Amino acid sequence: MERAAASPSVGGSCPQKNAEILSSQYGINLFLAGLLLTFAWAVHAVGISKSHLLSYLITLMLIQLLWMLWYLCRSCTQRRLIRDKDTHAGARWLKCGITLFAVITLILDSFKIGYYIDFSNCLSPTEGIFPITHAMHTILQVYFLWCHAKDIIQSFKTLERFGVIHSVFTNLLLWTNGVLTESKHQLNEHKERLITLGFGNVTIVLDDHAPQCNCTTTTLCSIFSQGIYYLYPFNIEYHILASTMLYVLWKNIGRKVEHHQQHKTPFKFHGITVGMIFGLIVLTSTIAIVVVYLIQIGGSRIKSELALTMFYLHAIFVLALMCTAGIVALLIYRLEDRSLDNSKNPARKLDAELLVGTAAGSWLLSWGSILAIICAQAHPKYTWYNLPYSVLVIIEKYIQNLFIIESIHREQEKANDDIKTLRIVTISRGSTLSLTPSYKEIYNGRAAHDPGGVPCLRKGSICGRENSGGAAAKEETSQEKSSVMHSASDCSIYISNLGTNNKRRILKNIAAFLFLCNLSLWIPPAFGCRPEYDNGLEEIVFGFEPWIIVVNLAMPFSIFYRMHSAASLFEVNCKT
């Protein structure tokens with residue numbers, strides 16, 4: 001009987017589980033085919049040209065455009081229906097971030113169109129069609145994510161699973177294409193810098209995919225070609241953010257949600273002045289270091305060594321500060337007794353997995369540098385700074401991941417409900433006793449209290465009550481004792497709340513400081529300041545080609561880690 005009763009539920013969920021498995025396999029195969037095509041173009045495989053790769057990407061984008069248009073049209077016809085929403089997904093600050101990256105991506109597409117026009121005599125038509133298609137894809141996708149990132153799809157679930165997973169892997173392939181193109185450009189610059197550092201044993205063969213014809217307008221061509229590579233970091237972040245938001249949408253298809261959604265927690269600058277000031281100092285100094293680094297590196301051997309030394313010293317100082325801040329935050333968490341929220345949440349689970357997964361990229365590079373320093377026979381002076389730098393990178397990510405993951409899993413503080421509804425209800429001559437300070441005053445730690453430290457009570461309260469002799473005084477003895485106990489309880493709640501506010505203020509400042517530090521550490525590798533390329537020691541120990549392959553594979557994850565950490569810390573600041 002029990003087996004017969006259970007069979008309908010099992011049978012009902014089986015098709016949806018199969019649809020999830022089939023759609024994920026479709027997406028993986030889509031991605032692998034594109035990945036091999038990208039790799040074949042990168043290594044100049046016989047019979048594979050850039051036009052083949054772009055044609056494949058254009059086809060994927062057009063299919064996604066058709067699916068998004070169909071979904072938007074269907075949503076418009078059903079806009080009166082009440083739909084479930086996942087309030088954890090598609091936060092407003094995340095949508096604003098992806099919109100900023102999308103705007104810069106549109107500028108990149110316009111540069112590519114201008115570049116194609118100037119070299120139209122020797123470029124394939126697909127190189128002109130691709131940026132136009134990509135621009136339309138970007139505009140519609142951002143609109144789609146703004147309107148529907150929170151949706152929990154309950155109709156046409158099988159079809160929607162394939163449409164969403166197609167969009168996820170299309171964005172991942174566009175991200176891969178951007179990473180490869182930008183990496184090839186960085187590699188060419190890196191090979192030229194090695195000569196100035198005295199590594200003449202490295203064979204310099206530039207991997208050039210430049211057009212084999214003259215530009216019609218030399219000045220414009222130079223602006224377009226140089227500008228494209230400075231805009232690629234934003235394009236790369238745009239596609240990885242879009243793919244993560246779409247993945248959460250895919251995981252939410254058919255999901256049953258509880259309807260006690262958490263309240264919104266807007267970002268406030270109040271109380272984080274110290275963290276913002278120190279973070280802005282780090283950000284400003286980092287930008288200055290990057291500018292000097294890019295000017296000095298490759299100029300001469302002495303200038304290059306000074307640039308590397310300057311970079312390492314600055315990074316060591318910043319990473320040490322971040323480690324200290326993270327440890328303080330974790331110690332505060334150990335002093336608090338707050339339970340963790342273990343409810344099912346696809347967005348939060350993905351955040352934690354991405355933090356640990358992408359941190360592995362920089363951990364790989366750091367361990368490679370540590371081994372190179374240990375095993376190398378000759379050690380130029382500047383390479384010794386690489387050892388504490390690499391060790392601190394490993395430790396800092398370890399501590400920061402612990403802090404962020406615990407923060408996003410902690411149950412949100414309910415603003416001290418005991419104080420929010422704090423009223424002492426006792427009867428004194430037929431009146432209700434209440435605390436003079438309002439909840440807002442107590443919560444903000446600005447309650448006016450008497451010299452003894454006990455809040456005063458209105459109407460017949462202890463501090464305002466006169467002794468009335470006789471029978472009335474005897475009748476009120478028990479009520480006065482009760483009021484004294486309530487007042488003592490109020491004092492303990494008030495003091496406890498002050499301590500909680502101080503801890504929250506410290507945590508918010510730490511989160512703000514780490515947020516700006518992660519943005520600062522995103523800038524150097526994103527814009528070409530990569531000592532893993534330029535110090536040359538790793539290439540001697542591991543060999544030029546193997547180490548370059550490791551760097552090109554690990555660096556995109558390292559760059560994404562910093563941006564994702566900054567986004568997570570922004571959420572932590574809002575939540576704390």
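The values are calculated or read from the model by the stated rules, or taken from the named source; none is laboratory data. Everything quoted here is computed from the prediction, not taken from an experiment. Using ideal geometry, Cβ is built from the backbone for each residue, glycine included, and neighbour counts are taken over all protein chains shown. These accessible areas exclude ligands, DNA and RNA; they are computed on the full protein's heavy atoms, side chains included. Shrake-Rupley method; radii C 1.70, N 1.55, O 1.52, S 1.80 Å.
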The residue from 300, 304 that alone is at pLDDT below 85, buried (at least 22 other Cβ atoms within 10 Å of the Cβ) and either within 28 Å of residue 109 (Cα to Cα) or among the small types (Gly, Ala, Ser) (or both) is 304
Here the residues within segment 92-108 that are farther than 22 Å from residue 163 by Cα and buried (at least 20 other Cβ atoms within 10 Å of the Cβ) are 101, 105, 108
Inside segment 131-151, the number of residues satisfying the requirement of being open to solvent by less than 10 Å² (accessible area, probe 1.4 Å), touching a residue at least 24 places away in the same chain (Cβ under 8 Å) and either of a type outside the set (S, T, N, Q) or at positive phi (or both) is 6
Expected single match for assigned to a helix (DSSP H, G or I), surrounded by 24 or more Cβ atoms within 10 Å (Cβ to Cβ) and β-branched (Val, Ile, Thr) among 170, 181, 158, 176 is 170
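One line per residue, one yes/no per condition, for (1) at pLDDT 65 or above; (2) part of a helix (DSSP H, G or I):
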{"site": "191", "(1), (2)": "yes, yes"}
{"site": "199", "(1), (2)": "no, no"}
{"site": "205", "(1), (2)": "no, no"}
{"site": "211", "(1), (2)": "yes, no"}
{"site": "234", "(1), (2)": "yes, yes"}
{"site": "237", "(1), (2)": "yes, yes"}
{"site": "241", "(1), (2)": "yes, yes"}
{"site": "247", "(1), (2)": "yes, yes"}
When residue 45 is run through (1) open to solvent by 50 Å² or more (accessible area, probe 1.4 Å); (2) part of a loop (DSSP other than H, G, I, E, B), the failure sits at (1)
Of the residues in segment 512-540, those that are of a type in the set (A, V, I, L, M), open to solvent by 30 Å² or more (accessible area, probe 1.4 Å) and modelled with pLDDT under 85 come to 540
Note: among 390, 369, just one is free of Cβ contacts under 8 Å to residues at least 40 places away in the same chain, open to solvent by less than 30 Å² (accessible area, probe 1.4 Å), hydroxyl-bearing (Ser, Thr, Tyr) and touching a helix residue (DSSP H, G or I) at 6+ places or on another chain (Cβ under 9 Å), namely 390
Taking segment 329-355 and the residues there that are closer than 19 Å to residue 248 by Cα and surrounded by fewer than 13 Cβ atoms within 10 Å (Cβ to Cβ), the one that is modelled with the highest pLDDT would be 353
Within segment 64-89, residues surrounded by 17 or more Cβ atoms within 10 Å (Cβ to Cβ), out of contact with any strand residue (DSSP E or B) (no Cβ under 9 Å at 6 or more places or on another chain) and at pLDDT below 85 come out as 88
